[in-house]
Amino acid sequence: MHQNYKAELENQKLQALQVLHEFREVSQLKLNVLEKRYRKLLQDAIQDAVQLSAQKQQLELEKKHLKQRIAELRDQLSTTKPQEVTPHPEDGETESCQDVFLQ
């Protein structure tokens, strides 16, 4: 009876170790899948950040060029002679071309 008890105990011990081993393998597989998923998400996030940074730089450059162009146009406008005043057809008011442009 003692031999049977020892054999049964050893058998249950081996089964428990097998279950733990399988559980560990499944857990490791799940961990690997999650790690790949998060690495992919991180890679996508980094690519998005790089693209957004490049786009921001491009927009800032365009903004700078537009501000320069506006400044040039204002300089040109301020250095040109005021245009002849023409009466407004509806109410007889007079406005220069420069006044109309600045509105």
- [ ] For region 22-69, just say rounded, prolate or oblate: build the C-alpha gyration tensor, square-root its eigenvalues into a ≥ b ≥ c, call rounded for a/c under 1.5, and beyond that prolate if a/b exceeds b/c, oblate if not.
- [x] prolate
Task: Nearby lysines by direct alpha-carbon distance to Lys56 (threshold 19 angstrom, same-chain neighbours under 8 apart not counted) - done: Lys64, Lys67
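All of the numbers you see were taken from the coordinates with simple rules; none came from a lab. This structure is a prediction, so every number in the text was calculated from the model and none was measured.
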